[in-house]
Structures are given as C-alpha cells and as structure tokens.
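Asker: Got a structure here, written out as structure tokens. Questions coming.
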Amino acid sequence: MGSPPHRSGGHTHRQVVRAWLLAAGVVGLCGVTLFGAAAARVILACVFSAVATDALMGLLSRSPFQGRSERAALTGMLLALTLPATTPWAVALFGSVVAVLVGQGIFQGRLMPALVGRVVTQYVFSGYLFLAGTLLYSPVLTPAHLFFGDISDAERVVHYQGWFESQESTIHNAYELERPVQILRKFAHARLPADGDLIFTPILRDQLPPWRDTVFGVVPGGIGETCIIGLIVAGMYLVHRGFLRWQLPVTLVASAAFALSILPVETAAGFRWFPVLEIEQNQAVGLAYILHHLTAGQIMLTAFLLAVDPISSPLRVHGQIIFAAGIGLIAAFMRLYGSLDGECYWAVLLMNAFVGMIDRQLRRPVLGIAEE
C-alpha cells in the first residue's frame with residue numbers, strides 16, 4: 001500500500017496532493033505580494049528542507065519515492081504559511097525537518113505534520129514566533145512597494161488610519177504595526193482603557209485597523225494567515241475539485257464565531273457576556289468586534305487549509321463536523337483566555353488526537369457482521 005491519504009474517490013494520491021499544493025501556492029503568492037521577497041525566502045527554505053529531509057529518510061529506509069516528494073513539498077509549504085516573513089531561514093529549515101521527521105515519520109501524518117513542526121519550532125525559537133506575546137510589532141509592505149518591497153525597511157506607525165487611507169510617509173518600504181490578534185487579546189484581558197461609557201468603540205476606532213484591511217490581508221501576521229480573499233479562493237477551488245467538503249471550514253468558522261459571540265470578555269468595565277450584542281452610539285460594535293476576530297490571526301488559514309488535511313481529519317462528513325466544531329471552540333477559548341500564540345494550531349493538534357475515536361464511533365455498520 002502506498003503513502004496516505006487512503007481516501008477513495010476516483011483520484012490518485014498525486015492528484016490530491018498536487019491540488020492541495022496549488023491551493024497552498026495561491027495563498028503563498030498572496031503572502032509574497034504582501035510581504036515581499038522575505039516571504040518567498042521562508043517558503044523556499046521550508047519546501048527545500050522538507051523535500052530534502054524526506055528524500056534522506058527514503059534513502060535510509062529504502063522505501064519507494066513515488067508521491068513522497070509532493071507530500072513533503074506540501075508539508076513545507078503549509079508550514080511556511082504559518083510563519084511570519086521575518087522568520088530567519090535557519091528557523092524555517094528547522095521547522096521543516098521536525099515536520100517531516102516527527103509529523104510524517106513518527107506520527108505517520110496522524111498529527112498534522114506542518115503544525116507539529118510549527119509548535120515545536122515555536123518553543124525552540126520563541127523570540128521569532130510571538131510566543132507568549134513577544135515581538136508584538138510586525139511589518140507589512142506599503143501600497144507603493146507591494147511584492148518587490150523590503151520589509152526590513154519598516155517605519156513604526158503611531159497613529160494608523162488603515163492601509164488604504166494611511167497618510168504616513170512612504171519613504172520606507174513597509175509599515176510596522178501591532179498585530180490585530182494581539183490587540184484583541186489585550187482587550188479581552190482588560191488591558192485597554194475605556195472611553196467613558198464606551199467599551200468596544202475605542203478598540204475599533206483607535207486600536208484595530210479597518211476590517212477591510214484584515215480581509216485583504218494588508219495587516220501583519222503569518223505569510224498565509226492574513227489574506228482572507230486568497231484563502232477563500234483556495235478553499236473554493238478544493239471544494240470544486242471534490243477534495244474538501246464545505247461543511248468542515250463552515251463549521252469551524254461558525255463554531256469559533258459562536259464561542260466568541262457568547263463567551264465573556266474581561267473589559268475595563270468588568271466582564272461582558274454575549275459581546276456580539278453590544279451596541280454603542282447606535283453602532284453594532286459587538287458584531288464588528290467578532291468580525292475582526294474571525295479575519296485576524298489563524299482562523300481562516302486553519303479552516304481552509306490546515307484543519308482540512310485529508311490524512312489527519314475524520315473520514316466521514318459527520319465526523320468532520322464534530323472535528324471542526326471542536327477546533328473552533330478550543331481556538332476561541334484559547335484566544336480569549338490564553339497567552340500562547342498559535343491557538344488554532346494547538347487546537348488542530350488536540351483534535352487530531354480524537355480523530356481515531358471519532359471515526360470508530362461514526363463508522364458505517366456492515367451488513368452480515370455482528371456488532372461486538
């Protein structure tokens with residue numbers, strides 16, 4: 001039997017992996033556009049290291065190479081999408097080696113390999129991966145320097161009005177901004193002041209970038225985390241090809257939105273339950289707050305590319321719905337009350353541990369065989 005995935009459906013293993021590579025490549029291209037050559041270097045380092053490590057493992061184990069290089073390249077690409085463009089190449093190489101050796105080798109893909117590499121690297125190189133809130137400010141290229149700009153030539157912006165509206169100097173190649181997800185975390189931990197009776201308005205007006213910026217991806221973050229439009233296009237392509245069931249990403253986003261809508265937020269005025277219902281100055285500030293949560297950070301990347309991995313997710317639709325709902329709820333809880341970055345990645349790995357049990361509980365009964 002060849003390498004996984006072993007899901008039937010009329011497509012070969014190579015066709016499935018190549019389709020996922022194309023989808024991940026679309027998101028990667030969006031990241032290169034927003035973060036420049038630095039993002040391309042991280043992607044190339046991850047892919048090269050993953051393929052080289054897998055080839056070395058194949059030589060040592062004398063196993064067939066058919067389909068292995070594409071799977072390794074996909075692992076490296078997905079890992080790169082979770083990393084910031086400022087990640088040194090040595091850190092990217094290390095993450096890919098761990099993803100292939102541990103995720104694909106030891107765990108045989110049962111734990112999402114790219115995320116195994118991500119979380120291990122997060123601990124080993126915490127200063128580069130925002131562990132526990134470090135490295136709060138990150139660059140994004142200015143409108144005049146997309147794709148060809150240098151994010152190391154960044155200017156710290158104090159009064160930021162948005163990427164499309166900013167009147168800041170464009171002498172530098174990039175704006176250095178605080179990550180939206182970090183601002184949301186500070187708000188949930190009552191570390192941002194209120195403005196009289198206004199609780200949610202100050203964060204939306206003075207702290208967060210416009211919601212449109214988070215949709216187009218012109219905010220700091222991981223290479224593949226920010227451009228929501230690119231992620232949706234990639235996900236729709238996989239759904240069209242039949243390699244992704246739409247129920248999984250929809251359930252993941254809906255469960256995260258549900259949890260974020262009802263769980264209490266510790267604001268400067270005390271705990272506020274059901275934040276989605278907040279209205280200030282006749283504005284639905286609670287809904288805007290939830291929308292920022294959904295488009296900031298890793299929720300969309302996880303929903304459309306990471307949690308839907310055909311090897312580490314359940315086989316049946318009902319199992320995938322349970323799997324996705326668990327990821328969304330855990331990720332929302334960790335974002336509101338935790339301090340560890342990459343909450344969605346941890347949530348996927350936690351739910352990966354229950355995939356076998358979910359598949360066993362939802363397996364189809366076979367006629368003519370007595371149940372044990």
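Asker: Looking at (1) modelled with pLDDT of 85 or more; (2) closer than 23 Å to L184 by Cβ; (3) hydroxyl-bearing (S, T, Y), can you tell me which one S126 breaks?
Answerer: So the condition that S126 fails would be (1).
Asker: So, T121, is that one in a loop (DSSP other than H, G, I, E, B), touching a residue at least 24 places away in the same chain (Cβ under 8 Å) and either surrounded by fewer than 24 Cβ atoms within 10 Å (Cβ to Cβ) or within 23 Å of the chain's Cα centre (by Cα) (or both) or not?
Answerer: Working: in a loop (DSSP other than H, G, I, E, B): no; touching a residue at least 24 places away in the same chain (Cβ under 8 Å): yes; either surrounded by fewer than 24 Cβ atoms within 10 Å (Cβ to Cβ) or within 23 Å of the chain's Cα centre (by Cα) (or both): yes.
When the stated conditions are applied, T121 does not pass them.
Asker: Filter the stretch 245-276 down to the residues that are under 16 Å from V317 (Cα atoms) and of a type in the set (D, E, K, R) and list them by number.
Answerer: Across the stretch 245-276, the qualifying residue is only R245.
Asker: Could you check how many residues of the stretch 76-91 are crowded, with 24+ Cβ neighbours inside 10 Å, modelled with pLDDT under 95 and either within 22 Å of S61 (Cα to Cα) or of a type in the set (G, A, S) (or both)?
Answerer: 1
Asker: Give the stretch 97-110 a look and list any residue that's among the hydrophobic types (A, V, I, L, M, F, W, C), surrounded by fewer than 24 Cβ atoms within 10 Å (Cβ to Cβ) and either assigned to a loop (DSSP other than H, G, I, E, B) or touching a residue at least 40 places away in the same chain (Cβ under 8 Å) (or both), or say none.
Answerer: Those that are among the hydrophobic types (A, V, I, L, M, F, W, C), surrounded by fewer than 24 Cβ atoms within 10 Å (Cβ to Cβ) and either assigned to a loop (DSSP other than H, G, I, E, B) or touching a residue at least 40 places away in the same chain (Cβ under 8 Å) (or both): V97, L101, F107.
Asker: Right, next: Do we have R212 as open to solvent by 10 Å² or more (accessible area, probe 1.4 Å) and either within 21 Å of the chain's Cα centre (by Cα) or under 19 Å from V276 (Cβ atoms) (or both) here? Give the steps one after another, and end with the answer.
Answerer: On the way: open to solvent by 10 Å² or more (accessible area, probe 1.4 Å): yes; either within 21 Å of the chain's Cα centre (by Cα) or under 19 Å from V276 (Cβ atoms) (or both): yes.
Against the criterion (open to solvent by 10 Å² or more (accessible area, probe 1.4 Å) and either within 21 Å of the chain's Cα centre (by Cα) or under 19 Å from V276 (Cβ atoms) (or both)), R212 qualifies.
Asker: Also, quick follow-up: Give the residue that is most open to solvent (accessible area, probe 1.4 Å), with candidates limited to residues of the stretch 279-305 that are at positive phi and more than 17 Å from the chain's Cα centre (by Cα). Break it down stepwise before answering.
Answerer: From the stretch 279-305, those at positive phi are 281-282, 297; that's our starting set.
From what's left, more than 17 Å from the chain's Cα centre (by Cα): 281-282.
Working: Q281: 128, N282: 150 Å².
Restricting to residues being at positive phi and more than 17 Å from the chain's Cα centre (by Cα), the top hit is N282.
Asker: Here is a list: L184, L192, L204. Which entry is open to solvent by 10 Å² or more (accessible area, probe 1.4 Å) and either of a type in the set (S, T, Y) or modelled with pLDDT of 90 or more (or both)? Quick ask: steps written out before the conclusion?
Answerer: Working: L184 fails: open to solvent by 10 Å² or more (accessible area, probe 1.4 Å); L192 fails: either of a type in the set (S, T, Y) or modelled with pLDDT of 90 or more (or both).
Checking each option against the conditions leaves just L204.
Asker: Of the residues D341, D359, which single one is crowded, with 23+ Cβ neighbours inside 10 Å and of a type in the set (D, E)?
Answerer: Details: D359 fails: crowded, with 23+ Cβ neighbours inside 10 Å.
Criteria check complete, one pass: D341.
Asker: Please indicate, with yes or no, whether at least one residue in the stretch 157-171 is open to solvent by 10 Å² or more (accessible area, probe 1.4 Å), farther than 30 Å from F271 by Cα and either modelled with pLDDT of 90 or more or part of a strand (DSSP E or B) (or both).
Answerer: Scanning the stretch 157-171, I find no residue that is open to solvent by 10 Å² or more (accessible area, probe 1.4 Å), farther than 30 Å from F271 by Cα and either modelled with pLDDT of 90 or more or part of a strand (DSSP E or B) (or both), so the answer is no.
Asker: Does the stretch 238-273 hold any residues that are at pLDDT 95 or above, more than 16 Å from the chain's Cα centre (by Cα) and open to solvent by 60 Å² or more (accessible area, probe 1.4 Å), and which are they?
Answerer: Answer for the stretch 238-273, where residues must be at pLDDT 95 or above, more than 16 Å from the chain's Cα centre (by Cα) and open to solvent by 60 Å² or more (accessible area, probe 1.4 Å): just F258.
Asker: Considering only the stretch 306-319, state which residues are in a helix (DSSP H, G or I), touching a Leu at 6+ places or on another chain (Cβ under 7 Å) and open to solvent by 10 Å² or more (accessible area, probe 1.4 Å).
Answerer: H318 - this is the single residue of the stretch 306-319 that is in a helix (DSSP H, G or I), touching a Leu at 6+ places or on another chain (Cβ under 7 Å) and open to solvent by 10 Å² or more (accessible area, probe 1.4 Å).
The values are calculated or read from the model by the stated rules, or taken from the named source; none is laboratory data. All of these numbers come straight from a predicted model, not from anything done at the bench. Please note: Cβ atoms are built from the backbone with ideal geometry, for glycine as well, and neighbour counts cover all protein chains shown. With ligands, DNA and RNA removed, areas are computed over all heavy atoms of the protein, side chains included. Shrake-Rupley method; radii C 1.70, N 1.55, O 1.52, S 1.80 Å.
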